[in-house]
Amino acid sequence: MFEKIALVGIGLIGSSLARVIHREGLARHVAISTRSETTLARARELGLGSSYTMDAKEAVRDADLVIVSVPVGSSGEVAEEIAPALKQGAILTDVGSTKASVIAQMQPHVPDGVHFIPGHPLAGTEKSGPDAGFAELFENRWCIFTPLPGTDPDALERLSEFWRRCGSNIDTMDPQHHDMTLAIVSHLPHIIAYNIVGTADDLESVTKSEVIKYSASGFRDFTRLAASDPTMWRDVCLHNKDAILEMLARFSEDLASLQRAIRWGDGEKLFDLFTRTRAVRRSIIEAGQDIDVPDFGRQAVEHPAKQ
Ligand SMILES: NC(=O)C1=CN([C@@H]2O[C@H](COP(=O)(O)OP(=O)(O)OC[C@H]3O[C@@H](n4cnc5c(N)ncnc54)[C@H](O)[C@@H]3O)[C@@H](O)[C@H]2O)C=CC1
Ligand SMILES: O=C(O)C(=O)Cc1ccc(O)cc1
């Protein structure tokens, strides 16, 4: 599909892209660049690309597609660094979990004649680094684009086709809508997980070994999310602040209402809420969106409805 693809950042997402690009033969040359020497050496050991450099400018030179896969707080500095070396007509995209902030950071540096199309694959795990990636990560997952006004339709179609070849389904929306939606479906669940595991870790009446020994699967599910990369999630919180605070405010109100129902023995209210939420889970399954992640996401479980 492309003569040369440059991957800036080669962690979970960048290395998964490298693997699927190789498997599907999507580029003749894959240039890999990252800031950390150790990570770059590991990427080389894993044979993830065709060339390796600490100099992002060198990696993106002559690339037809440049994919920036770094924590969202670093996207501005990366854009500034690579801008002078971007080829005319190249497509520049990212995979960041927040969109309005990434656009605000990157767009000012994008030269005329380069097609900047912000993107976000809704696919990941709690792991990070080049060893954590796998070629199947994007299979049957959504990739959302938040194109800027005036985006070249041909460039958008080319990038969409690339992600389809990686296994994803494509959707487009505006960045604010993306950030509000992701705040409730992804960012809040992670924040809640960090909080509950932190609360359990603080408990003095229950020893740490009891938390580990008796952790039921509900708590264990939270610990998986709470094991996610601290740099990445610090940046998500700082760069989707307004939407997250809005969702946290709603969540806190609803939690207070739930707390009151428990305090006053309002079983009917509890039963009604739990019935409503059970229906949400059923709708997800019926929509074929129930992609379970046993073995930390390495095997997508086929849902019976899709067989
Ligand atoms: N982990 C996940 O489940 C998902 C992550 N994302 C987004 O993908 C992006 C990358 O995340 P991961 O691959 O999970 O992170 P990661 O921690 O596995 O990898 C990050 C990579 O970026 C490099 N890096 C950091 N700062 C840099 C800089 N200033 N210049 C050049 N390279 C730099 C690191 O050396 C590393 O190679 C983030 O923006 C994240 O929000 C999107 C979907 C899912
Ligand atoms: O590990 C999980 O369950 C995730 O939710 C992964 C994830 C993290 C961040 C994203 O922007 C998209 C997907």
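None of the figures in this text is laboratory data; all of them are computed from the coordinates on show. All values derive from a computational prediction rather than experimental measurement. Counting neighbours? That spans all protein chains shown, and the Cβs are built from the backbone with ideal geometry, glycine included.
Here are the numbers for the structure shown:
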{"read-out": "Cα-based helix-to-principal-axis angle, 241-263 vs the chain, degrees rounded to 10", "value": "20 degrees"}
{"read-out": "Peptides 146-154, 270-278 ordered by average Cβ neighbours within 10 Å, highest first", "value": "146-154, 270-278"}
{"read-out": "Packing rank of 65-74, 236-245, 222-231, where each peptide gets the mean count of other beta carbons within 10 Å, highest leading", "value": "65-74, 236-245, 222-231"}
{"read-out": "The stretch 1-70, relative contact order in percent, only Cα pairs under 8 angstrom and at least six apart counted", "value": "47 percent"}
{"read-out": "Burial ranking of peptide ranges 108-115, 20-27 (average Cβ count within 10 Å, highest at the top)", "value": "20-27, 108-115"}
{"read-out": "Whole-number percent relative contact order across the chain, with pairs defined as alpha carbons under 8 Å at least 6 apart", "value": "15 percent"}
{"read-out": "Centre separation in Å (Cα based) which lies between the stretch 189-256 and the stretch 28-45", "value": "32 Å"}
{"read-out": "Highest-MSF residue in the chain out of Glu37, Glu126, Glu80 [GNM, Cα springs under 10 Å]", "value": "Glu37"}
{"read-out": "Helix 217-226 vs. the chain, principal-axis angle (Cα, 0 to 90°, nearest 10)", "value": "40 degrees"}
{"read-out": "Helix-derived mean residue ellipticity, 222 nm - over the chain, DSSP H n ≥ 4, -39500 (n - 2.57), to 500", "value": "-14500 deg cm²/dmol"}
{"read-out": "Acute angle (nearest 10 degrees) that the helix 37-46 long axis makes with the longest principal axis of the chain, alpha-carbon atoms", "value": "80 degrees"}
